[in-house]
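Enquirer: My questions will all concern the structure given below.
Every read-out reported here was derived from the displayed coordinates using simple, explicitly stated rules and does not represent laboratory data. Just so it is clear, the model here is predicted, and its values are computed rather than measured. Positions of Cβ are generated from backbone atoms using ideal geometry, with glycine treated the same way; all protein chains shown enter the neighbour counts.
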Amino acid sequence: MSSPAPFVEFRNVYLSYDGQQTFAVEDISLAIAPGEFVAIVGPSGCGKSTFMKLATGLKPPSRGEVDVEGERVTRTLKIVGMAFQAPTLLPWRTTLDNVLLPLEIVEPYRSTFKRDREAYAARARSLLKTVGLEGYEDKYPWQLSGGMQQRAAICRALVHQPKMLMLDEPFGALDAFTREELWCVLRDLHAEQRFTVILVTHDLREAVFLADTVYVMSKRPGRILARREIDIPRPRDLEVTYADHFTDLVHEMRERIGMIRKAA
């Protein structure tokens, strides 16, 4: 049985920012399957966020090719949802209205938003219920905890039903308990909807718990130094994070990154 065509494919990709002689990332080649959950780890400044810009069309490569869904990426993609370390909720909008924002500004939803607002609001409410925010639809960001705000930000990233979710350190500012709660929220959303995920993180436990595949990047200019499939069966419960095999995988990732730093 043949493997499915890659959903995201990088072929010998390099990127240098305007006016710079050196590359931010160089010679990146990888393939991500439809519905795959990928985590990218590495030292600070290694190009993890640059990788996300390339995958979403926010930056064109200086060399090489990036394909998504079998088509060359030449402009910003509309099939992507994004969430960052800061929730960036608009303070004058309620939780529900913050979640609805992409549907107001992204086609094809924008042109039908007024007409179909109730249907879209029902979709947003369903997402909020899934992440434990039922009853908070009319609250403003300042009335929510940091973890609640991040849950709302994830809902906002998913409300337009994107095929790919890009996450840039989305739980980095949260306490450990809240972070693990949101790991499980994301795990369940991915299991239900099977969108493709690219997660950039410094948290190796997070990468091993959530991902199907972990890529380790080098110091700048960023290159892919290692690819590790995470052979822990799904569904994964938090109890697995105390298992020897899980700990071994985290240590393996840490050793690889430690070697990178020593080579700096």
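Enquirer: So which of Lys53/Lys219; Lys53/Lys163; Lys114/Lys139; Lys78/Lys163 end up more than 20 Å apart, counting from Cα to Cα?
Expert: Values: Lys53/Lys219 18 Å; Lys53/Lys163 16 Å; Lys114/Lys139 22 Å; Lys78/Lys163 9 Å.
Beyond 20 Å: Lys114/Lys139.
Enquirer: List residues of the range 33-61, by number, whose backbone nitrogen lies under 20 Å from a label position 7 Å along Cα→C-beta of Arg75.
Expert: Once the point is set 7 Å along Cα→Cβ of Arg75, 53-61 turn out to lie under 20 Å by backbone N, inside the range 33-61.
Enquirer: Kindly write out, for the range 244-254 in residue order, the coupling ³J(HN,Hα) from the Karplus curve 6.51 cos²θ - 1.76 cosθ + 1.60 (θ = phi - 60°), rounded to whole Hz, with x marking Gly and Pro.
Expert: Once rounded to whole Hz, the list reads 4, 5, 4, 4, 4, 5, 4, 5, 4, 4, 5.
Enquirer: Now a separate question. Read phi for every residue in the range 86-96 and hand back ³J(HN,Hα) as whole Hz from Karplus 6.51 cos²θ - 1.76 cosθ + 1.60, θ = phi - 60°, with x for Gly and Pro.
Expert: 8, x, 6, 6, 6, x, 8, 10, 5, 4, 4
Enquirer: Let me spell out the model: positive unit charges on the Cβ of Lys and Arg, negative unit charges on the Cβ of Asp and Glu, origin at the Cα centre of the chain. What dipole size does that give, in debye rounded to 20?
Expert: Working: 35 positive and 35 negative charges, 156 e Å.
Approximately 740 debye in magnitude.
Enquirer: Can you pull out the chymotrypsin sites (Phe, Trp or Tyr not before Pro) in the range 1-37 whose DSSP state is coil and whose Cβ has at most 13 other Cβ atoms within 10 Å? All intermediate terms of the calculation are to be shown ahead of the outcome.
Expert: On the way: sites: Phe7, Phe10, Tyr14, Tyr17, Phe23, Phe37; in loops: Phe7, Tyr17, Phe23.
When the chymotrypsin sites (Phe, Trp or Tyr not before Pro) of the range 1-37 are filtered for loop state and at most 13 Cβ neighbours within 10 Å, Tyr17 remain.
Enquirer: Using Cα centres only, tell me the gap between the range 85-127 and the range 204-264 in whole Å.
Expert: About 35 Å separates the Cα centre of the range 85-127 from the one of the range 204-264.
Enquirer: Placing +1 at every Lys and Arg Cβ and -1 at every Asp and Glu Cβ, with all other atoms neutral, what dipole size does the range 14-129 have around its Cα centre, in debye to the nearest 20? Walk me through the numbers on the way to the answer.
Expert: On the way: 15 positive and 13 negative charges, 115 e Å.
Its charge dipole is roughly 560 debye.
Enquirer: Which is farthest toward the positive dipole end of the range 31-163 among Ile40, His160, Gly57, measuring Cα position about the Cα centre, with Cβ charges +1 (Lys, Arg) and -1 (Asp, Glu)?
Expert: Gly57
Enquirer: For Leu165, enumerate residues with amide H under 5 Å from its amide H, sequence gap 5+ or separate chain, H modeled in the peptide plane.
Expert: Residues meeting the criterion, in which the H sits 1.01 Å from N, are Gly81, Thr196, Val197, Ile198.
Enquirer: Then there's this: Apply the Karplus curve 6.51 cos²θ - 1.76 cosθ + 1.60, θ = phi - 60°, to the phi angles in the range 101-109 and return the couplings in whole Hz, x for Gly and Pro.
Expert: 3, x, 6, 7, 10, 10, 6, x, 6
Enquirer: Still on this structure: Looking at the chain only, what percent of DSSP beta bridges run antiparallel? Nearest 5 please.
Expert: Here the antiparallel bridges make up roughly 45 percent for the chain.
Enquirer: If we count every other residue with Cβ under 13 angstrom of Phe7's Cβ, Lys/Arg +1 and Asp/Glu -1, where does the sum land?
Expert: Values: positive: Lys163, Arg194; negative: Glu9, Glu36, Asp67, Glu69, Glu71, Asp212.
Summing Lys/Arg as +1 and Asp/Glu as -1 gives -4.
Enquirer: Which shape class applies to the range 89-162: rounded if a/c is under 1.5, otherwise prolate when a/b exceeds b/c and oblate if not, where a ≥ b ≥ c are the square roots of the Cα gyration tensor eigenvalues?
Expert: Working: a/c = 1.86, a/b = 1.68, b/c = 1.11.
Prolate, because a/c is 1.5 or more and a/b exceeds b/c.
Enquirer: Take the Cα of Glu104, step 7 Å along the line toward its Cβ, and report every residue of the range 149-173 whose backbone nitrogen sits under 20 Å from that point.
Expert: 149-162
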